[in-house]
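The values are calculated or read from the model by the stated rules, or taken from the named source; none is laboratory data. This one's a predicted model, so the numbers in the text were calculated from it and none came from an experiment. Glycine gets a Cβ as well: all are built from the backbone with ideal geometry, and neighbour counts include every protein chain shown. Heavy atoms of the whole protein, side chains included, go into the accessibility calculation; ligands, DNA and RNA do not. Shrake-Rupley method; radii C 1.70, N 1.55, O 1.52, S 1.80 Å.
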Amino acid sequence: MTYRRITLPLFLVQEQRRLGGSGVFTALMTDICTTCKTISNEVNRGAMAGTMGYAGSRNVQGEEQKELDVLANDIFLYMTDQSGNWAGVASEELEDAYISRGSDGRYLLLFDPLDGSSNIGVNVAVGSIFSILRLPEGADPADERVYLQPGVRQVAAGYTIYGASTMLVLTSGQGVNGFTLDRNIGVFVLTHPNMQIPEDTGEYAINASRERHWPAPIHRYVRECVAGLDGPRGRSFNTRWIASMVAEVHRILMRGGVFMYPVDRDNAPRGGHLRLLYEANPMAFIVEQAGGRAISGHERILDIVPERLHQRTGVILGSRNEVERIGRYYAEAEPEKLPVA
Ligand code: F6P
């Protein structure tokens with residue numbers, strides 16, 4: 001045989017055989033895969049789809065929704081509702097968790113249907129992020145508390161990046177694999193098996209316009225990087241900021257780097273900027289599975305016990321040695337000078 005391509009459906013079936021699964025996970029992933037391919041198609045049509053503008057509404061976080069945000073959320077809800085595989089879903093765009101009608105599913109899906117949506121309309125990469133949790137035995141999926149599980153309990157997590165090519169990156173706790181959408185056959189193909197984040201890096205990503213709000217450990221880290229060859233690090237660093245977490249994490253998976261959106265003096269009253277359950281947790285799971293680290297500042301993100309569905313957190317993730325260094329800077333900082341979420 002000369003044909004060597006492993007498609008995502010084939011990969012899932014092989015994993016199912018290898019791990020002796022029941023096929024439920026394969027069904028869940030099939031839903032997500034179809035959803036993301038549909039969203040990819042809408043994103044790819046760009047202005048021709050007529051969905052680049054504002055929807056005239058705000059989401060639960062008070063952010064202005066773009067038409068594509070609303071459409072991507074609808075596609076997720078429709079697919080998961082119709083398949084009957086899910087006990088319930090929670091979305092960045094919905095105030096309350098949504099219970100699938102007539103479902104006997106045992107899994108919960110948490111998602112950000114379109115992350116980085118400030119990039120819609122300017123043809124820069126956006127993405128979808130998802131996290132899968134088990135519905136605890138005997139629990140009621142209508143009870144919001146069932147979603148408040150720490151990230152270490154995730155069954156699987158992933159994202160799809162709608163970039164120059166569309167890629168789906170997935171972990172179920174056995175490493176990280178990346179699949180590229182082959183538009184000719186309409187299927188994701190395994191192109192990046194066992195993705196690993198380099199331990200060291202010369203790149204960091206942060207929104208530098210927020211410098212005046214930063215906590216001391218972030219000031220210290222960035223100051224040292226900016227000092228380059230003449231500073232204590234004795235080497236040069238590059239800054240990158242796409243304002244799309246999916247694109248940022250994807251770059252880090254491909255070639256290393258650090259992404260920082262800390263709790264700062266400005267966002268502390270809201271608990272930070274990024275959402276814990278459907279942004280930070282799935283990304284932290286992927287990053288750790290690829291050998292990197294993900295912390296909120298003092299804490300490992302995956303250990304945070306959530307109190308609210310739309311809870312926010314600080315996020316510092318990426319190459320192991322750099323994130324551990326930033327963690328040490330937090331440990332060495334004077335606690336009373338740090339912004340409290
Ligand atoms: O809301 C999430 C998000 O769009 C991330 O994808 C991105 O990393 C960040 O916010 C961008 O934030 P800012 O608008 O401060 O650049």
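Assorted remarks:
- Helices (runs of 4 or more DSSP H) wholly inside segment 1-86 that include at least 1 residues being under 27 Å from ARG312 (Cα atoms) and either touching a strand residue (DSSP E or B) at 6+ places or on another chain (Cβ under 8 Å) or of a type in the set (Lys, Arg) (or both): 24-45, 67-83
- Residue ID - farthest from ARG212 (Cα to Cα), chosen from residues in segment 272-292 that are open to solvent by less than 10 Å² (accessible area, probe 1.4 Å) and either away from the ligand (no atom under 13 Å from the Cβ) or of a type in the set (Asp, Glu) (or both): ALA290
- Hey, VAL122 out of contact with any strand residue (DSSP E or B) (no Cβ under 9 Å at 6 or more places or on another chain) and closer than 16 Å to ALA49 by Cα or not: yes
- Members of segment 254-271 found to be away from the ligand (no atom under 11 Å from the Cβ) and crowded, with 24+ Cβ neighbours inside 10 Å, listed by number: GLY257, VAL258, PRO262, VAL263
- Any hit, segment 22-37, residues being farther than 25 Å from ASN184 by Cα and open to solvent by less than 40 Å² (accessible area, probe 1.4 Å): yes
- In segment 296-321, residue surrounded by the most Cβ atoms within 10 Å (Cβ to Cβ) [restricted to those that are touching an Asp or Glu at 6+ places or on another chain (Cβ under 8 Å) and farther than 15 Å from ALA284 by Cβ]: LEU309
- Taking residues in segment 192-204 that are part of a loop (DSSP other than H, G, I, E, B), and partners anywhere that are open to solvent by 50 Å² or more (accessible area, probe 1.4 Å) and at pLDDT below 95, not one pair has Cβ atoms closer than 8 Å while being at least 6 places apart or on different chains.
- Residues of segment 48-60 classified as open to solvent by 40 Å² or more (accessible area, probe 1.4 Å) and touching a residue at least 60 places away in the same chain (Cβ under 8 Å), total: 2
- Taking the criterion of being away from the ligand (no atom under 15 Å from the Cβ) and assigned to a loop (DSSP other than H, G, I, E, B), the residues of segment 228-243 that qualify are GLY231, PRO232, ARG233, GLY234, ARG235, SER236, PHE237.
- Out of SER244, SER209, one residue alone is open to solvent by less than 10 Å² (accessible area, probe 1.4 Å) and either among the polar types (S, T, N, Q) or more than 26 Å from LEU338 (Cα to Cα) (or both). It is SER244.
- Answer from VAL126, VAL89, VAL122 - the residue that is out of contact with any Leu (no Cβ under 9 Å at 6 or more places or on another chain) and not aromatic (Phe, Trp, Tyr): VAL122
- Qualifying residues in segment 1-21 (those that are open to solvent by 20 Å² or more (accessible area, probe 1.4 Å) and aliphatic (A, V, I, L, M)) - the one farthest from GLN174 (Cα to Cα): MET1
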